[in-house]
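Okay, so here's the structure we're looking at.
All of the numbers you see were taken from the coordinates with simple rules; none came from a lab. Computed from a predicted structure; not experimentally measured. A quick note on method: Cβ atoms are made from the backbone with ideal geometry, for glycine too, and the neighbour counts reach across all protein chains shown.
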Ligand code: SAH
Ligand code: ZN
Ligand code: ZN
Ligand code: ZN
Ligand code: ZN
């Protein structure tokens, strides 16, 4: 992997723990934080392992060969030349995912390319580039027009004029084109690991960034760009919007986001209690994980949907409902959700909720998480999914089809009493590490369709 440079920089490898059944202490190892799938990146090293000089040299050689062909600076210059070309000479190599200058055509002659690249195409790179597909960490799911437009309008209505777009290239590009068309000035800075975007944006518009370990590949200069952007001048308020890959580790993400928040704070804020406003877009079943790290966040009912994911589309018409939501530290009552889509304001909860979300008098809140109407169980003393029923054996609500597990036997995984296998902290940790949560709603074990199409 290009981003793990072994000797030169403090590479963005993260420390993981491998545990085997029954053993309390696992052996620790480093792996690349951006591509944890061993198929995509072979960087792996035990924490206590001594790495030979030969292996270090081989790794550096590999990294050199896999470096992007141009630096960001070079790409900016190339872009300037590219836009001066007549339409007939504007080509984009699909294989190399690169804008080509006429002198380079020869080298790419047996590659597939697109011709007549228009200014409109240059302004929507997310349409031109193919979405990356690494299943676990780098899958790119692009906002559907409906969701992107909604987010942008919401930000504007809330009075924000600067958006730190962390892993949201499509929102970034919508803001860029909006800013150039209308007198309304909204600015965006994109932070993303996908270096292909450096071909389309200047150093003031894009920073190559790893959100799993808060690493700016452009070093101090890039960090400074980001900090400057976060400095609110002329009453231009900043919000951060992020849509991380769902296989991402919540704790790694949260730690990076806290560092971005701290960066915002450093820019002379008088009010100490003030926090950088943020939208974190993530599936609803990560709610408790996110709240672990950001207790002041709340989850909005709005279903975010995507273009290139057939199963992640907005409900109605029998299509599948999207499980992806907006988490925010802004007051929920300020987040106005579209009434055309059935949202209404619950005056008790002081927030907009989806049409199916009924206010439960006993819980005293609108309890549905997935958009369906939930029902209250008096025995569990909470609302549960409509498909659940109360099992007296298990003493909780669960799916009709389940095998009863007795807690007193002790947990199958760790052997400790007091919880069942499904609630074993070790199991859920391992699962998160492997990214398997993508496939299971841990609340009910139901299969979740974010996987091989
Ligand atoms: N819905 C968004 C895209 C979300 S897909 C939109 O339409 O704008 C996740 C994004 O996060 C992708 O752009 C991907 O390149 C980026 N990403 C993935 N891993 C990352 C990492 N480790 N650091 C920074 N960005 C990352
Ligand atoms: Zn309510
Ligand atoms: Zn209830
Ligand atoms: Zn129950
Ligand atoms: Zn049971």
Once label points are set 7 Å from the Cα along Cα→Cβ at both residue 146 and residue 89, what is their separation, rounded to one decimal in nm? 4.5
Could you compute the FRET efficiency for residue 185 and residue 228, with r as their C-beta to C-beta distance and R0 at 25 Å, rounded to 0.05? 0.90
Test of understanding: ordering 257, 206 by Cβ neighbours within 10 Å, fewest first, what list do you get? 257, 206
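Over all directions, the average projected area of the alpha-carbon convex hull for region 121-233 comes to how many nm²? Numbers along the way, then the final one.
On the way: hull surface 30.0 nm².
The number I arrive at for region 121-233 is 7.5 nm².
Pop the C-beta distance of residue 333 and residue 110 into the FRET formula with R0 = 45 Å and round what comes out to the nearest 0.05. Provide the component values of the computation, followed by the final result.
Details: r = 59 Å, r/R0 = 1.31.
Efficiency computed from Cβ-Cβ geometry: 0.15.
Taking every pair of alpha-carbon atoms in region 85-186, give the share separated by more than 24 Å as a whole percent.
Result for the distance tail: 38 percent.
Using only the Cα atoms of region 156-208, what semi-axes does the equivalent ellipsoid have when each is the square root of 5 times a gyration tensor eigenvalue? Give whole Å, largest first. Before the final figure, lay out the partial values.
Values: eigenvalues 77, 27, 14 Å².
Taking √(5λ) for each Cα gyration eigenvalue gives 20, 12, 8 Å.
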To the nearest 0.05, the calculated FRET efficiency linking residue 293 and residue 266 through their beta-carbon distance, R0 being 25 Å, is 0.80
Footprinting proxy, 296, 354, 365: sorted fewest to most Cβ within 10 Å, the residues are 296, 365, 354
Here the gain from full extension of residue 156 to residue 220, 0.36 nm per residue of separation minus their alpha-carbon distance, amounts to 20.0 nm
If each of residue 387 and residue 74 carries a label point 7 Å out from its Cα toward its Cβ, how far apart are those two points in nm? 5.2
Before anything else, pin down the relative contact order of region 169-215: Cα pairs under 8 Å, at least 6 apart, normalised by residue count, whole percent. 30
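Quick one: grab the alpha carbon gyration tensor of region 190-269, order the square roots of its eigenvalues as a ≥ b ≥ c, and give me rounded if a/c is under 1.5, else prolate or oblate depending on whether a/b is larger than b/c. Write out the running numbers ahead of the final one.
Numbers: a/c = 1.76, a/b = 1.16, b/c = 1.52.
Oblate, since a/c reaches 1.5 and b/c is not below a/b.
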If each part is reduced to its alpha-carbon centroid, region 211-267 and region 336-402 end up apart, in Å, by 34
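Per residue, what volume in Å³ does the convex hull of the Cα atoms of region 329-374 enclose? Provide the component values of the computation, followed by the final result.
Numbers: hull volume 3.4 nm³, N = 46.
It is 75 Å³ per residue.
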